[in-house]
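*Asks:* Below is the structure I would like to discuss, written out as structure tokens.
Only the coordinates and a few stated rules stand behind these numbers; no lab work does. Source: prediction; values computed, not measured. Glycine gets a Cβ as well: all are built from the backbone with ideal geometry, and neighbour counts include every protein chain shown.
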Amino acid sequence: MIARQGNEGFKQMNRWGAEKTPFLAIISYDKQNILLEKLDAISPEICQYAFPDRSNALKQSSCNAPKLDVFDIDAESYKKSFDKVMSHINNGDTYLCNLSCEVKLKNQLDLPSVFNASFSKYKLRYKDEFVCFSPEIFIRIKGNEISTYPMKGTIDARILNAEERLLNDKKELAEHYTITDLLRNDLSRLSDSVRVKRFRYIDRIKTSSGELLQTSSEIIGTLNENWHCSIGDMLNKILPAGSITGAPKQRTCEIIDEAETHKRGFYTGVCVLFDGENVDSFVMIRMIVRKNKNFYYKSGGGVTSFSQWEKELNEIKQKVYVPIS
């Protein structure tokens with residue numbers, strides 16, 4: 001795959017979109033680094049991807065997905081980051097901020113094997129640098145309809161009355177209202193006819209450590225007939241994704257840069273597949289990255305005025321998993 005700097009990558013997407021040339025784009029969180037290639041030129045040895053309707057991956061491996069063994073998370077460091085975010089919330093600078101961190105793993109992993117053994121709505125591996133298994137759709141375009149599916153709210157399914165507790169949690173409800181409104185506003189930059197089609201439905205995600213429940217919503221709009229010619233411009237307008245930043249988006253991104261102790265890189269960026277007619281894409285959450293000889297799991301969650309740092313840290317730990325069928 002060809003690495004391109006931000007604006008040039010988006011311009012190339014416009015050109016290939018106008019030509020109806022299928023492509024895959026991997027866009028970093030800050031939009032400065034884009035890996036881009038025509039779909040038929042991608043070698044599975046370099047990049048493996050699996051979307052619901054398209055994949056260049058081998059069949060699902062019969063090997064078990066590894067259960068990840070983590071070093072203790074530095075609670076003091078996380079609390080310092082959390083306190084910085086809460087200070088900005090109390091000052092009125094942000095009212096939802098997605099705070100993430102990286103967790104060092106004890107495991108020595110073979111990323112192609114992890115990719116092949118895992119089961120997720122979306123999967124991606126790039127070289128031996130990172131593997132991602134994401135349940136979260138970014139945008140889909142089919143015909144002239146665009147849709148997005150913000151995902152906010154997680155609970156361990158083994159907890160008594162887990163679904164009821166998740167749906168009635170005031171913090172999770174406030175966070176979901178906020179992110180749904182933010183994503184609706186983002187789509188309104190691309191479409192004049194945007195509406196919320198479904199609000200707070202539940203998905204079940206199986207992991208090697210148990211089952212999680214997560215809430216999502218569905219927002220839809222209508223694009224003009226020539227949208228193919230401006231795929232890159234549309235993505236540039238609405239990135240980074242609202243679900244992994246917060247509201248208001250621009251100020252919250254500044255707060256994230258101040259509070260977080262790691263560089264996100266491709267984590268929380270997006271992977272986009274254009275098949276020549278339609279677009280599917282996902283937010284690159286749930287990611288394992290390799291740095292030198294060590295492996296790290298990047299994870300995060302939304303912080304609001306209702307948040308408690310211990311509970312947020314526990315949610316991050318819950319999200320350190322490899323999904324299974």
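*Asks:* With the calculation restricted to Cα positions, what are the radius of gyration and Dmax of the stretch 142-249 in angstrom?
*Replies:* Values for the stretch 142-249 (Cα only, Rg and Dmax): 15.8, 50 Å.
*Asks:* Still on this model: When the convex hull of the C-alpha atoms of the chain is computed, what volume per residue in Å³ does it have?
*Replies:* 123
*Asks:* Starting from the Cα of Val70, step 7 Å along the direction of its Cβ; do the same at Thr261; then give the gap between the two resulting points in nm.
*Replies:* Going from the Val70 label point to the Thr261 one covers 1.4 nm.
*Asks:* How long are the three semi-axes of the equivalent ellipsoid of the stretch 176-323, in whole Å, if each is the root of 5 times an eigenvalue of the C-alpha gyration tensor, listed from largest down? Numbers along the way, then the final one.
*Replies:* Working: eigenvalues 151, 71, 61 Å².
That gives 28, 19, 17 Å for the three semi-axes.
*Asks:* Trypsin sites (Lys or Arg not before Pro), restricted to the stretch 144-219: which are DSSP loop and have at most 12 other Cβ atoms within 10 Å? The partial results should precede the final answer.
*Replies:* On the way: sites: Lys152, Arg158, Arg165, Lys170, Lys171, Arg184, Arg189, Arg195, Lys197, Arg198, Arg200, Arg204, Lys206; in loops: Arg158, Arg189.
Counting only loop positions with at most 12 other Cβ atoms within 10 Å, the trypsin sites (Lys or Arg not before Pro) in the stretch 144-219 are Arg158, Arg189.
*Asks:* Could you tell me which GluC sites (Glu not before Pro) in the stretch 146-230 are loop residues by DSSP with no more than 10 other beta carbons within 10 angstrom of their beta carbon?
*Replies:* Glu225
*Asks:* Taking only Cα atoms and a 10 Å spring cutoff, compute GNM fluctuations for the chain and point out the largest among Asn294, Asn116, Asn236.
*Replies:* So, out of Asn294, Asn116, Asn236, the one fluctuating most is Asn294.
*Asks:* If you take the alpha carbon radius of gyration of the stretch 76-149 and divide it by 2.2 N^0.38 Å, what ratio comes out, to two decimals?
*Replies:* It is 1.59.
*Asks:* Sticking with this one: The stretch 128-193: percent of C-alpha pairs farther apart than 16 Å? Could the numbers behind the result be given before it?
*Replies:* On the way: 1328 of 2145 pairs.
Here the tail beyond 16 Å accounts for 62 percent of pairs.
*Asks:* While we're looking at this one, here's another question. For a quick check, take a GNM of the chain with Cα springs below 10 Å and name the residue from Ser28, Ser191, Ser87 with the largest mean-square fluctuation.
*Replies:* Maximum among the listed residues: Ser87.
*Asks:* Let me ask something else about it. Cα centroids of the stretch 116-131 and the stretch 240-285: how far apart, whole angstrom?
*Replies:* Between the Cα centres of the stretch 116-131 and the stretch 240-285 lies a distance of 18 Å.
*Asks:* According to the Kirkwood expression over distinct Cα-Cα pairs, how big is the hydrodynamic radius of the stretch 1-145, in Å?
*Replies:* With all distinct Cα pairs of the stretch 1-145 included, I get 18.2 Å.
*Asks:* With +1 on each Lys and Arg Cβ and -1 on each Asp and Glu Cβ, and nothing else charged, work out how big the dipole of the chain is about its Cα centre, in Debye to the nearest 20.
*Replies:* 340
*Asks:* If the cut-off is a Cα-Cα distance under 17 Å, which lysines reach Lys121, setting aside same-chain residues fewer than 8 apart in sequence?
*Replies:* Lys59, Lys152, Lys206, Lys319
*Asks:* Here is a further query. Report, in deg cm²/dmol and to the nearest 500, the calculated mean residue ellipticity at 222 nm for the chain, where each DSSP H run with n ≥ 4 adds -39500 (n - 2.57) and the sum is divided by the residue count. Let's see the in-between values first.
*Replies:* On the way: 8 runs with 91 residues, N = 325.
Result for the chain: -8500 deg cm²/dmol, rounded to the nearest 500.
*Asks:* Hey, got the dipole for the stretch 5-124? About the Cα centre, +1 on K and R Cβ, -1 on D and E Cβ, debye to the nearest 20?
*Replies:* That gives a dipole near 320 debye.
*Asks:* When the chain is treated as a GNM, springs tying every alpha-carbon pair under 10 Å, which of Pro52, Pro22, Pro248 comes out with the largest mean-square fluctuation?
*Replies:* Largest GNM mean-square fluctuation: Pro52.
*Asks:* Mind listing which GluC sites (Glu not before Pro) in the stretch 46-141 are in a DSSP loop and have 15 or fewer other Cβ atoms within 10 Å?
*Replies:* When the GluC sites (Glu not before Pro) of the stretch 46-141 are filtered for loop state and at most 15 Cβ neighbours within 10 Å, Glu129 remain.
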